[in-house]
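Heads up, the thing below is written out as structure tokens.
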Amino acid sequence: MIPAIAIALSGCVTTSRPPAQASSLEQGMLVARVQTHGALFRKSTKQADLATLVMLDAMGAPIPGLAARSGSAAEGYVVFYDLPPGRYALRSASFPARGVRYRVDAPLDGEFKRSVVLRPGSSAYLGDLAFDTRWPEFADGAIRAGRIILHWLTPWMKRPVLTRDSPLRGYEAGPAEETRALLAVRQSLTGTQWRRLADKRLRELSAAEPVKEEGKLRSKPLALREEPIFSWRDTLKWGEPLRAPEGLAWKRPEGEARIVVFFTTASAKGFKGWDAAVAEMRRTAAGSVEDSSTVYEVQVATRPGLAARATKYIYPDGKLVGSETKVLVTETILVPDGYGLYTARLRATRAEFDAVLPAYREFLLQLVLGPPKPKPPPKQESVLPFTGIP
């Protein structure tokens, strides 16, 4: 097993595009962010576009020969692909500057605390690592300057790698940092298996989608429309919805598509719970020979929901069966809640369904489920009465 892992790790090389598929279902992905602050201007930072890591054993010691290089870089993050399950720690990172490449090394102290465990077929985050830069000694600085000038004179030669004196300044690897990293790199993973791993991990983190913005010159976030049971953003541009006590409904102006989102409380008459609702949805989806009772997962806001489709034929009166004039496709999504059940539904003609489905999916991701947060009370200032005494 060890030789196979060594081959898999040594095969990770830096490319402009990630590999389309993993070599096996157990292979995973790691993401990290490494930035270095300047010695003179501390606000000036350089972000690494290449990094290396090592696999650790159960005692936290690096396993000889099991090291990997990042496969690509995107939006200031480095990504490692096709890694077998195990514990990993970042060892070094580098970035181009002044015609050469500078490298920073992560300290060995605290390496085990900064390591992460990569589960089979999953994604994990190595953290945000920030390094300071120190001025080198005069002799070291002169040698480095000479190597830089020499490379300028011989640009066809391999770019030298200079080690920078950079102690670790900070390390963060919480859910907020991991969410920010996956949202930043997932666009570069589109069309590959790694996008699925990133989306899966974002669902595990209950990560909200970035707020959609509108406007060309000065874009601004879409306003959040608060309702008693959920809040929404008008990404559809279908006009004002029809309101009911426990839900909203939208109709497409230039078509027949309809979208409804409503909430059923656990105390409602006839409510039999989550399992009964899913079973009923399966039966409805199996009513047509074109549909199956299989359910699939759809993200709604920050929660995963179960969905199924059903097809219905509407025949004109007085005509034989088989001379249908309209075919309706309905997708129903159920989202569990501690106080009941959310239901989202899209119904449209077959010709219109595929056209509005992407907008429907985007609309669901921009929802905020649950009642709106209470607004903070206004600030009250105490004013002392004027007594006239100096």
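Taken together, the values in this text are just the output of simple stated rules run on the coordinates, not laboratory data. It should be emphasised that the depicted structure is a prediction, and the values quoted were computed from it without experimental measurement. Please note: Cβ atoms are built from the backbone with ideal geometry, for glycine as well, and neighbour counts cover all protein chains shown.
Of the residues Trp232, Trp238, the one with the fewest other Cβ atoms within 10 Å heads the list, and the complete ranking is Trp238, Trp232.
Our estimate of slack between Glu256 and Leu328, defined as 0.36 nm per intervening residue step minus the Cα-Cα distance, is 24.9 nm.
Once you reduce region 185-246 and region 85-132 to the center of their Cα atoms, the two points are 31 Å from each other.
Modelled spin labels at Arg350 and Tyr171, positioned 7 Å past Cα toward Cβ, are 5.9 nm from each other. How high is the FRET efficiency between Ala97 and Met59 when r is their beta carbon distance and R₀ equals 51 Å, given to the nearest 0.05? Using R0 = 51 Å, I get an efficiency of 0.85. Report the paramagnetic label zone for Gln21: residues of region 162-201 whose backbone N is under 19 Å from a point 7 Å from Cα along the Cα-to-Cβ axis. In region 162-201, the label zone of Gln21 (backbone N under 19 Å from the point 7 Å along Cα→Cβ) covers 189-198.
For Glu75 and Glu280 in one chain, what is 0.36 nm times their gap in residues minus the Cα-Cα distance, to one decimal in nm?
Full extension of this stretch gives 69.3 nm more.
Taking Cβ atoms as reference points and 11 Å as the exclusive limit, the residues near Glu214 contribute a net charge of +4, counting Lys and Arg as +1 and Asp and Glu as -1.
What is region 175-326 by shape, rounded, prolate or oblate, if you read a ≥ b ≥ c off the alpha carbon gyration tensor as root eigenvalues and call it rounded for a/c under 1.5, prolate for a/b larger than b/c, and oblate otherwise?
On the way: a/c = 1.62, a/b = 1.47, b/c = 1.10.
Cα axes put region 175-326 in the prolate bin.
Between Asp109 and Lys200, what's the calculated FRET efficiency when r is the beta-carbon distance and R0 is 35 Å? Round to 0.05. All intermediate terms of the calculation are to be shown ahead of the outcome.
Details: r = 33 Å, r/R0 = 0.95.
That gives a FRET efficiency of 0.55.
Could you give the length gained by full extension between Glu297 and Leu183, i.e. 0.36 nm per residue of separation minus their alpha carbon distance, to one decimal place?
Numbers: separation 114, 0.36 × 114 = 41.04 nm, distance 1.97 nm.
Computed gain between Glu297 and Leu183 is 39.1 nm.
Using unit Cβ charges (K, R positive; D, E negative) and no other charged atoms, how large, in debye to the nearest 20, is the dipole of region 215-369 about its Cα centre? Please report the intermediate quantities before stating the final value.
Values: 23 positive and 19 negative charges, 66 e Å.
Value, rounded to 20: 320 debye.
Ranked for footprinting exposure by Cβ neighbours inside 10 Å, fewest first, Tyr296, Tyr313, Tyr360 give Tyr296, Tyr313, Tyr360.
Cβ crowding within 10 Å ranks Ile314, Ile229, Ile63 as Ile314, Ile63, Ile229, fewest other Cβ atoms first.
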